[in-house]
Amino acid sequence: MTGPISSDKTAAQLHRLAQDDGRAEAAPLLGGRHGKHDALALMTGAAGYTDDLALPRMLHCKLVRSPHAHARIAAIDTSRAEALQGVHAVLVGSELPTPYGVIPWTPDEHALALHKVRYVGDPVAAVAAESEDVANEACRRIDVQYEVLPALVDPEEALRRGDVKIHDDNKHGNVTKRVQLAFGDVDAALAEAPLVIEGHYRFHGSAHAPIEPHCAVAVVDGKGLLTVWSATQVPHYLQRELSKVLCLPMRQIRVIQPAVGGAFGGKSEPFALEFCVARLAQKTGRPVKCLYTREEVFLAHRGRHPFDMRYRTAFSADGRILAVDSRALLDGGAYSSFGLVTTYYSGQLLAAPYAFGSYRFDSTRVYTNKPACGPKRGHGSVQPRFALEVQLDKASRALGLDPFELRRRNFMGEHATTVNGFHVGSNGFLLCLDAVERASGWRDKWGRLPAGRGIGVAGSCYISGTNYCIYPTELPQSAVQMALDRSGRVRVFAGTSDIGQGSTTMIATIAAHELGVELDDVRVVAADSDLCPVDLGAYSSRITLMAGNACAQAAKTLGMRVREVVGEAWGVPAERIVLAHRRATDPEDPNRWMPIQEAFILAEGKYGLLGATGSYNTPKTGVHGDYRGGTIGASPAYSFTAHVTEVEVDQETGEVRVVQIWCAHDCGKAISPVLVEGQIEGSVYMGAAEAVMELHEVMPSGLRDPRQRRDSGPGRDGLLAASSLLDYRIPTSLDVPQLSAIIVEAPDPHGPYGAKEAGEGPLHSAIPAIANAVFDAVGVRIDHLPISPAKVLRALRERSGTC
């Protein structure tokens, strides 16, 4: 061994440590079966969540919410609340008059309603008090006078009514966005096709239901620096909107994301509580915390949009897709949220993995007097995927083809362009189909199972991040700063948001792989706007591809410096040096090695402090078509998925039991296979829940128990049907089917080591696979979700003529 000796350890000690820790034959980190980097802290309760913060002199914030779905605010009297002992401040909408919105072109929300409320639960005022009990009492003492307006809770009525506008300044009535795009001659294909399948599909609303409710804490220091801790998944966007609404420069705002107990898209934009705690902290000079109740989480919502969809699909005699014609009405709720993007995604993300001869979609999103919808896992493309995959199943039956064969015949291929101009690189969809066909025993089961038992297949595709930032910029979408310590540790500063998907582990794995250390030697500091470079957040399955590339860039830079110095010391080329398992080695001379700590010390001695940065931005050419809206839905890489489900249907009760789901997912390269399998299983679980259980809806007044109604006016429409986890049905451990997660690797040149997304794509086709399996079991189609016992019974009775 050559080179200088550490000042605090002898050469013999370093060798002994390396021999104890270095495992030359150990499994590789990249692609190895290791657990989460932060698993111990999460399992033992050591991880700190936002609500765990208890700052000295901290006040508690509660919100006054509207009891009406649609009303003008005539007056607000806060005097009785302000007079209550223990109340330190009251806040109303006029103190936060600047509108906000995560999409910069549609800022239609206020932290607190200014002149009008638009759904039951719309926040109107906020209180900061010594305790939650005092704050709640103060809220009850705030007198809000309303002029009740007609409530529109049906999207078709909202579209039709010109006399009632939910947003008075909207130029298009109650339409928030309409997208009409066509590619090829759809009408001609429909007219000439030997087979046209028509279908009317309804996809219901569903909520994210994370374990952790929304929570935010704010404090202002003596120099005016505002620090906000939030259970958000987009710290950067939150910092931007706080700056806008509070009229503060971004340099005076620090946003920190502690551990997050689940999000699934439900925390991917700013909410009222973050603005309120920030302003109340400014007003009182004390820290302020706001924790939503479970009911408030359901009211804040931003869950899956209900879709009403009508599809016509033309097929050739041998099963080729000649045309797809789609019309969709999206129920957006009271505010825009991500709705502009959702409307595009409802059509743009459907054109893979199959080759369409021609394609047209017409999607309209409308405001309704309900909690706003937004992005839920698989944003905007889960609903149309359900419709298309059921259409394909219907076509396979009509043509006498095995559903697998129909999908194989329409496979678009690798390194191809979709009908709407998106470039697809690697594509493992056929491998996914092969995998689930084998694993499920499809050929022995399809059409051969006893009555009441069925099997179904479906496929899907999803983006690995959006090609463009939410706001116009040429700046990188993700960046990291990395430093090597003379102790043998690696520090990584990244703006990424770990919401349970394991992004911290992904970053640590890449750093450890490139720098020859173990996972526990990497310390990742993330999601702190003062300490970390910008990452845009945890949405659209972007972090592995984008932050992973940035991390790999920085780590490779530092790794090369270390190899160069070691190579110089040994008189060999740097390319011969291998860094792995806390050692630097020369594979051509196995007896020559040194502990990684000493290698780091050598490099620091030559270069000084060892630090590097990495950043990533998406390709801007050859990715999408050149037309208005052609950028929305474009991605550097796409994942692909196939599902097979097996179900049992009780023909006397209509109950559907999902027995087993096989899911094969093309993630490009599984950097951490255990985490990828976890993401597949979590996605499939959520998809199965949406297919047969979940339903987030509001009740029109005529459907409620009259004893629960406080008045009979039109403003009482819009109460949540389920506002707690007792009422909102999600599967327990006893309800979860057997899940089989199969990893398929078709590496993509745009991904780090070929990696693509795995956090959202595995959800999509679970739902239509279940619907197709129900048809295989009992011969009836349930095209309006969820697949409830009542719907199954009704369909069975209609088929038998007993209804």
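The values are calculated or read from the model by the stated rules, or taken from the named source; none is laboratory data. The structure displayed is predicted, hence computed values, not measured ones. All Cβ positions, glycine included, derive from the backbone under ideal geometry; neighbour counts span all protein chains shown. Heavy atoms of the whole protein, side chains included, go into the accessibility calculation; ligands, DNA and RNA do not. Shrake-Rupley method; radii C 1.70, N 1.55, O 1.52, S 1.80 Å.
Once both labels are modelled 7 Å past Cα along the beta-carbon direction, what's the Glu405-Ala188 spacing in nm?
3.0
Give the percent of DSSP beta bridges with both residues in segment 178-265 that are antiparallel, rounded to the nearest 5.
55
Cut-off under 17 Å on the C-alpha distance; same-chain residues fewer than 8 positions from Lys394 excluded. Which aspartates and glutamates are left, in chain and number order?
Glu198, Asp318, Asp325, Asp402, Glu405, Asp776, Asp783
Considering only His301, Ala317, Leu181, whose Cα is most displaced toward the positive end of the charge dipole of segment 173-321, charges sitting on Cβ of Lys, Arg (+1) and Asp, Glu (-1)?
Value: His301.
At 0.36 nm per residue, minus the direct Cα-Cα distance, what do Val659 and Asp444 gain on full extension? Give it in nm, one decimal, please.
Extra length from Val659 to Asp444 when fully extended: 75.7 nm.
Ignoring ligands, DNA and RNA, what percent of the accessible area of the chain is carbon or sulfur (1.4 Å)?
50
Across all directions of projection, what mean area in square nanometres is found for the Cα convex hull of segment 173-272?
The directionally averaged projection comes out at 11.7 nm².
So, how do all the Cα-to-Cα distances of segment 337-410 break down into 5 Å bins, in percent, from 0 on up?
Using 5 Å bins, I get a P(r) of 3, 13, 22, 20, 16, 11, 8, 5, 2, 0 for segment 337-410.
Give me the three principal axis extents of segment 438-496 from the C-alpha atoms, as integers in angstrom, largest value leading.
65, 40, 17
How many Å² of accessible area per residue for the chain, probe 1.4 Å?
37
Calculate how many DSSP beta bridges within the chain are antiparallel, expressed in % of all such bridges and rounded to the nearest 5.
Antiparallel: roughly 80 percent of the beta bridges in the chain.
Considering the zone a paramagnetic label at Gln180 would reach in this model (a point 7 Å from Cα along the Cα-to-Cβ line), which residues of segment 131-159 have amide N under 20 Å from it?
Backbone N within reach: 156-159.
What area, in nm² and to one decimal, does the C-alpha convex hull of the chain cast on average over all directions?
Dividing the Cα hull surface by four gives the mean projection, 36.8 nm².
Simple spin-label model, 7 Å along Cα-to-Cβ: Gln738 to Tyr607 in nm?
Here the modelled spin labels are 5.2 nm apart.
May I ask you to rank Glu109, Glu157, Glu568, Glu474 by accessible area, largest first, using a 1.4 Å probe over the protein chains only?
My answer, sorted largest first, is Glu474, Glu568, Glu157, Glu109.
With N residues in segment 438-595, what two-decimal value do you get for its Cα radius of gyration over 2.2 N^0.38 Å?
Segment 438-595 yields a ratio of 1.46.
For segment 447-578, what is the charge dipole size about the Cα centre, in debye to the nearest 20, if Lys and Arg each add +1 at the Cβ and Asp and Glu each add -1 at the Cβ?
So the dipole magnitude of segment 447-578 works out to roughly 520 debye.
To make sure I understand the rule: partners must be lysines, Cα under 30 Å from the Cα of Lys223, and not fewer than 8 residues away in the same chain. Which ones qualify?
Here the lysines satisfying the reach criterion relative to Lys223 are Lys62, Lys244, Lys267, Lys283, Lys289.
Hey, if you put +1 on the Cβ of every Lys and Arg and -1 on every Asp and Glu Cβ in the chain, which of Ser326, Thr509, Gly421 ends up farthest toward the positive end of that dipole?
The residue sitting most towards the positive pole is Ser326.
Per-residue HN-Hα couplings for segment 393-406, Karplus 6.51 cos²θ - 1.76 cosθ + 1.60 at θ = phi - 60°, whole Hz, x for Gly and Pro?
Those phi angles translate into 5, 4, 5, 4, 5, 5, 8, x, 10, 4, x, 5, 5, 4 Hz.
If you build the Cα gyration tensor of segment 311-462 and take the root of 5 times each eigenvalue, what three semi-axes come out, in whole angstrom, biggest first?
Over the Cα atoms of segment 311-462, the ellipsoid semi-axes are 29, 19, 15 Å.
What ranking, highest mean first, results for peptides 639-650, 294-305, 383-394 when packing means the other Cβ atoms within 10 Å averaged over each residue?
Most protected by this proxy first, the peptides run 639-650, 383-394, 294-305.
Check which residues have an amide H placed less than 5 Å from Val744's amide H, if you skip close sequence neighbours.
His665, Asp666, Cys667
What is the dipole size for segment 106-263, taken about its Cα centre, with +1 at each Lys and Arg Cβ and -1 at each Asp and Glu Cβ, in debye to the nearest 20?
Result for segment 106-263 is approximately 620 debye, rounded to the nearest 20.
Want the number for Gln145 to Thr473: 0.36 nm per residue separation, take away the alpha-carbon distance, what's left?
Stretched fully, the Gln145-Thr473 segment lengthens by 113.7 nm.
Please give the residues of segment 181-214, grouped as numeric ranges, whose backbone N is less than 19 Å from a label point set 7 Å along the Cα-to-Cβ vector of Tyr627.
181-191
Convert each backbone phi in segment 474-489 into a coupling constant with the Karplus relation 6.51 cos²θ - 1.76 cosθ + 1.60 (shift: θ = phi - 60°), then list the ³J(HN,Hα) values in order as whole Hz, x for Gly and Pro.
Karplus-based 3J(HN,Hα) across segment 474-489 equals 9, 6, x, 7, 7, 8, 9, 10, 9, 9, 9, 9, 5, 7, x, 8 Hz.
Take peptides 752-763, 212-223 and line them up by average Cβ neighbours within 10 Å, highest first, as a rough protection proxy.
Answer by packing, highest mean first, reads 752-763, 212-223.
On full extension of the chain, what length is gained from Asp530 through Leu725, given 0.36 nm per residue of separation minus the C-alpha to C-alpha distance?
66.6 nm
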